[in-house]
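K.L.:
So that we are looking at the same thing, I have put the structure below in structure tokens.
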Amino acid sequence: MTLFQNNFNLIFVPQGSEYRAVCQVSKIPVVSIPMGYTASKLFLQQWLKSCVEFPCHVLLMGLAGSLSPQYQRGDFVVYQQCGNVENNQVRWRDCDVLVAENVNLVRGWTSDRIICSTPEKQHLYKTYHAEVVDMEGFAVLEVLQPMGIKVTILRVISDDAQHNLPNLEGTINTNGQLQPIPLAIKMIQQPSASLGLIQGSLKGLKVLKHVAREIS
């Protein structure tokens with residue numbers, strides 16, 4: 001596996017298991033951000049106000065869903081662009097790409113909610129030609145790039161485009177925190193899809209940890 005040269009001052013990772021996996025191995029400072037577009041955007045705006053000195057180059061890491069048949073669980077990808085829609089207006093931002101060979105370059109899409117069903121994934125893929133979906137990427141670009149901070153986004157695929165996730169609506173609160181009890185109820189109600197979610201997450205976290213170690 002050929003990865004980046006180490007040019008990062010800081011790594012952002014969504015809170016929870018993703019953050020813990022990266023923290024275990026990273027020698028670069030790691031900051032936990034809330035899950036979700038709105039919560040992460042508000043957090044980063046406040047974070048900037050508290051900064052004594054802005055980092056030159058940050059890396060956003062975490063898990064993501066595949067929208068393309070090309071990318072399967074455990075694959076890691078680097079964004080060339082990331083898109084988002086607001087008030088029916090589609091927006092795109094270019095990412096800072098520092099790569100060597102054997103790195104998958106993709107178009108990412110940031111959703112304001114978890115994309116659970118195969119038809120939803122297919123719709124995003126066909127409509128926006130995006131290959132990977134997350135919930136924080138565009139927020140990081142939108143807040144940090146205007147301040148002159150370079151942003152690179154690396155994601156590990158934890159669910160593919162061919163299978164449904166359990167319906168996880170209502171499991172993340174407005175502060176971007178995963179709610180254990182609503183999550184448990186949803187997963188019990190949908191055991192088959194939940195098993196796939198667990199297996200994909202475990203595989204994705206293992207790769208995420210390996211990639212974080214290689215970068216550090």
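K.L.:
For segment 142-159, in order, what is each residue's ³J(HN,Hα) by Karplus, 6.51 cos²θ - 1.76 cosθ + 1.60 with θ = phi - 60°, in whole Hz (x at glycine and Pro)?
P.N.:
4, 8, 8, 4, x, 8, x, 8, 6, 10, 10, 10, 10, 10, 10, 6, 10, 9
K.L.:
What residue among THR118, THR152, THR110 shows peak mean-square fluctuation when the chain is described by a Gaussian network model with Cα springs under 10 Å?
P.N.:
Evaluated over the chain, the most mobile residue of the options is THR118.
K.L.:
Can you compute the helix-only [θ] at 222 nm over the chain? Use -39500 (n - 2.57) per DSSP H run of at least 4 residues, normalise by all residues, nearest 500 deg cm²/dmol.
P.N.:
Helices in the chain give a 222 nm mean residue ellipticity of -11000 deg cm²/dmol.
K.L.:
Same structure again: Mind giving me the nanometre distance, one decimal, between the label points for GLU86 and VAL31, set 7 Å out from Cα along Cα→Cβ?
P.N.:
My value for the distance between the label points is 1.8 nm.
K.L.:
Follow-up question, since we're still on this one. Put TRP109, TRP92, TRP47 in order of accessible area, largest first, 1.4 Å probe: what do you get?
P.N.:
Largest accessible area first, the list is TRP92, TRP47, TRP109.
K.L.:
Let me ask another. Placing unit charges on C-beta atoms (Lys and Arg positive, Asp and Glu negative, everything else neutral), compute the dipole magnitude of the chain about its Cα centre in debye, rounded to 20.
P.N.:
On the way: 18 positive and 17 negative charges, 63 e Å.
About 300 debye.
K.L.:
So if a site counts as exposed when it's one of the GluC sites (Glu not before Pro), its DSSP state isn't H, G, I, E or B, and it has at most 11 other Cβ atoms within 10 Å, what's the longest stretch of the chain without one?
P.N.:
On the way: sites that count: GLU53, GLU101, GLU169.
Segment 102-168 is the longest.
K.L.:
Output wanted: per-residue J couplings in Hz (rounded whole) for segment 60-77, from phi through Karplus 6.51 cos²θ - 1.76 cosθ + 1.60, θ = phi - 60°, x for Gly and Pro.
P.N.:
9, 10, x, 8, 7, x, 7, 10, 10, x, 5, 10, 10, 3, x, 6, 10, 9
K.L.:
Further, regarding this structure: Applying the Karplus parametrisation 6.51 cos²θ - 1.76 cosθ + 1.60 with θ = phi - 60° to the phi angles of segment 197-205, what ³J(HN,Hα) value in whole Hz is obtained for each residue in order, glycine and proline being reported as x?
P.N.:
Those phi angles translate into 4, 5, 4, x, 5, 4, 5, x, 5 Hz.
K.L.:
Lys and Arg at +1, Asp and Glu at -1: add these up for the other residues within a Cβ distance under 15 Å of LYS126 and post the number.
P.N.:
Summing Lys and Arg as +1 and Asp and Glu as -1 gives 0.
K.L.:
As I understand it, the value is the acute angle between the Cα axis of helix 118-128 and the longest principal axis of the Cα atoms of the chain; what does it come to in degrees, rounded to 10?
P.N.:
That helix lies at roughly 40 degrees to the long axis.
K.L.:
Still on this structure, please answer the following. Over all Cα pairs of the chain, how is the pair count split among 5 Å bins, expressed in % and running from 0 up to the last occupied bin?
P.N.:
1, 7, 16, 21, 22, 17, 10, 4, 1, 0
The values are calculated or read from the model by the stated rules, or taken from the named source; none is laboratory data. What you are looking at is a predicted structure, and each value in this text was computed from that prediction instead of being measured. Every residue, glycine as well, gets a Cβ built from its backbone with ideal geometry; the counts of neighbours run over all protein chains shown. Surface accessibility is based on the protein's heavy atoms, side chains included, excluding ligands, DNA and RNA. Shrake-Rupley method; radii C 1.70, N 1.55, O 1.52, S 1.80 Å.
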